[in-house]
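Only the coordinates and a few stated rules stand behind these numbers; no lab work does. Note that the coordinates shown come from a computational prediction; the quantities given were computed from them, not determined experimentally. Please note: Cβ atoms are built from the backbone with ideal geometry, for glycine as well, and neighbour counts cover all protein chains shown.
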Amino acid sequence: MRIGVDLGGTKIEAVVLDGTGDVLIRRRRATPTESYAETLGAVVDLVNDLEAALGERASVGVAAPGALSAHTGRIKNANSTQLIGERLDVDLSEALDRQVRLANDANCFALSESVDGAARGARVVFGVILGTGVGGGIVVEGRLLTGLQSIAGEWGHNPLPWPQARELPGPHCYCGRNGCIESFLSGPGLARDYQEYSEELLAADEIVRRADAGEACADACLGRFEHRLARGLAHVINILDPDVIVLGGGLSRIARLYDNVPRLWGEFVFSDSVDTPLRPPVHGDSSGVRGAAWLWPHKG
């Protein structure tokens with residue numbers, strides 16, 4: 001039995017998976033925001049609750065924002081700022097009296113879709129998160145590729161490739177730079193782009209609804225988003241050449257992306273043809289928690 005925990009900014013989700021990947025038990029609770037100690041305690045309580053219901057101990061994997069620094073062993077690059085500088089994996093291991101495996105939430109998404117999702121059976125997988133932020137994860141032959149600095153797949157903080165004149169210097173990003181992919185392809189980035197042309201600030205799902213209803217401004221906004229996503233993913237294909245790209249996060253539910261983006265990226269990919277499939281996730285919002293459980297070796 002495997003327990004997976006997805007430590008999100010607003011909620012913590014935990015599941016028990018059996019050996020075939022079926023969810024046996026699921027629990028959720030709000031994420032404490034006051035202190036690191038409260039967050040740590042909430043994860044421990046969820047694991048204990050699951051094991052009490054299960055009647056046995058299980059392996060534990062955790063999907064968390066940010067990454068463990070290879071230099072310090074502490075959390076870095078997390079938008080849940082109470083985690084930064086903490087030894088989350090060590091503290092959880094001590095509190096639960098067993099080894100706990102921890103990985104970036106985008107990495108867990110990619111692993112989940114690689115094991116038994118949209119990229120099952122693929123040798124090289126690039127998993128993309130398009131949500132409040134933009135992240136990515138790489139899986140090669142069923143194993144996460146994390147990199148020397150633990151930042152493999154972090155394409156969101158590279159500059160938008162082949163920028164057009166109106167896209168320069170680009171929006172300011174929280175990382176301190178301008179023109180990051182995240183500042184264009186996140187949900188807030190899509191909303192900002194629509195506001196720039198309409199002077200109306202809307203959530204991403206409303207922009208999609210208006211585009212589907214035939215509003216020209218919303219349709220043009222999604223067109224610019226698709227072209228930027230095509231350029232960003234073409235850059236990934238030129239470097240990694242994955243067998244499958246899977247989209248996750250809230251914006252992965254925009255159905256037109258899967259037809260339009262592959263039609264656009266051929267202009268930027270350094271090849272005479274591009275056969276890379278772009279797929280929606282099989283497990284949706286549950287991919288992170290499932291990937292956390294799959295951080296432990298699996299069979300089949």
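Numbers below:
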read-out	value
Filter pass, A230 being surrounded by 20 or more Cβ atoms within 10 Å (Cβ to Cβ) and more than 20 Å from V140 (Cα to Cα)	yes
Members of region 1-23 that are in contact with a helix residue (DSSP H, G or I) (Cβ under 7 Å, 6 or more places away or on another chain) and more than 18 Å from L88 (Cβ to Cβ)	M1, R2, V15, V16, L17, G21
Region 171-191, subset touching a strand residue (DSSP E or B) at 6+ places or on another chain (Cβ under 6 Å) and surrounded by fewer than 19 Cβ atoms within 10 Å (Cβ to Cβ), residue nearest to F126 (Cα to Cα)	G179
Region 1-29, residues that are more than 21 Å from the chain's Cα centre (by Cα) and free of Cβ contacts under 8 Å to residues at least 24 places away in the same chain	D18, D22
Residue count, region 210-222 (criterion: of a type outside the set (D, E) and closer than 14 Å to L257 by Cα)	4
Among the candidates G66, G117, G147, residue that is of a type outside the set (K, R) and touching a strand residue (DSSP E or B) at 6+ places or on another chain (Cβ under 6 Å)	G66
Considering residues of region 25-40 that are small (G, A, S) and surrounded by fewer than 12 Cβ atoms within 10 Å (Cβ to Cβ) only, the residue farthest from L92 (Cα to Cα)	A30
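Per-residue answers, yes or no, for (1) surrounded by fewer than 17 Cβ atoms within 10 Å (Cβ to Cβ); (2) within 11 Å of the chain's Cα centre (by Cα); (3) among the aromatic types (F, W, Y); (4) not in a loop (DSSP other than H, G, I, E, B):
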site	(1), (2), (3), (4)
R120	yes, no, no, no
I129	no, yes, no, yes
A152	no, no, no, no
G156	no, yes, no, yes
R166	yes, no, no, yes
P169	yes, no, no, no
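For every residue, the table says whether it meets (1) without any contact (Cβ under 8 Å) to a residue 12 or more places away in the chain; (2) farther than 20 Å from G249 by Cα.
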{"site": "A78", "(1), (2)": "no, no"}
{"site": "T81", "(1), (2)": "yes, yes"}
{"site": "V90", "(1), (2)": "no, yes"}
{"site": "L96", "(1), (2)": "no, yes"}
{"site": "D105", "(1), (2)": "no, no"}
{"site": "R123", "(1), (2)": "no, yes"}
{"site": "G127", "(1), (2)": "no, no"}
{"site": "L130", "(1), (2)": "no, no"}
{"site": "I138", "(1), (2)": "no, no"}
